[in-house]
């Protein structure tokens, strides 16, 4: 990245410095030039690490797309150099650096699709259908090039409950039912799905009934 870009948009964060906090308002986002950033979210009484971002990654971009509070906290793991953009200078970026602007637009389109996909889950009334649709969402996102019917999702029961926006015990009951019928195996840090087609059928049926 040219020095002129960093002179205009550069921002540096020190190790363990909070870049922004969950629930606070925001209208800016960051592109990492150097260093690592940890993304965390409060889940119940604990703090869960969602991701560790590195050079070339973007975070906080949903603030440009929608006027809502931050959905997670971002903290510098080490010394982090970023390009810092907001609504005002985003237009300047679009015209001065078309290659970077195209990259950002592609990321934005993926984020918008993800948001719509999660909304589809939230709008489903049936709890079993919600859980099955979470499996499909994760399959579509991470396994779309796989030809295997059996897949492994590196998620916990709590993760699935968060995507469903339902209490963990309620989701646990549904997962236990799937496990009893041999559709899945539940482990502390993963869920093994023996045939993803089973859940495609469940979601299709639930959508027809709604």
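Every number in this text was worked out from the coordinates using simple rules, so none of it is lab data. Computed from a predicted model, the values in this text were never measured in an experiment. Neighbour counts run over all protein chains shown; Cβ positions are idealised from the backbone, glycine included.
Here the residues 48, 183, ranked from fewest to most Cβ neighbours within 10 Å of their Cβ, fall in the order 48, 183.
The order of 201, 111, going from fewest to most other C-beta atoms within 10 Å of their C-beta, is 201, 111. Relative to the longest principal axis of the Cα atoms of the chain, the long axis of helix 196-209 makes an angle of roughly 80 degrees. Considering segment 47-181 at the alpha-carbon level, its Rg and Dmax are found to be 18.1, 58 Å.
First obtain the Kirkwood hydrodynamic radius of segment 108-201 from its Cα pairs, then insert it into the Stokes-Einstein equation at 10 °C and 1.306 mPa s, and state the resulting D in µm² per second as a whole number. For these conditions, the coefficient is 118 µm²/s. I'd like the orientation of helix 87-96 relative to the chain: the angle between its Cα long axis and the longest Cα principal axis, in ° from 0 to 90, rounded to 10. Computed tilt is about 80 degrees. Report summary: the helix-based calculation at 222 nm, which adds -39500 (n - 2.57) for every DSSP H run with n ≥ 4 and divides by the residues of the chain, gives -14500 deg cm²/dmol. As a proxy for reagent exposure, ranking 47, 107 by other Cβ atoms within 10 Å from fewest up yields 47, 107. Here the Gaussian network model covers the chain, with springs between Cα atoms less than 10 Å apart; of 44, 56, 26, 44 fluctuates the most. Any chance you could give the angle, 0 to 90 degrees and rounded to 10, that helix 98-123 forms with the longest Cα principal axis of the chain? In the chain, helix 98-123 runs at an angle near 30 degrees to the longest axis.
Take every pair of alpha-carbon atoms less than 8 Å apart whose residues are at least six positions apart; their mean separation over the length of segment 90-210 yields a relative contact order of 28 percent.
The coefficient of translational diffusion for segment 3-119, derived via Stokes-Einstein from the alpha carbon Kirkwood radius under 4 °C and 1.567 mPa s, stands at 88 µm²/s.
With contacts taken as Cα pairs under 8 Å at a separation of at least 6 residues, the chain carries a relative contact order of 18 percent.
Springs between Cα atoms under 10 Å define the GNM used for the chain, and in it the highest mean-square fluctuation of 118, 87, 70 occurs at 87.
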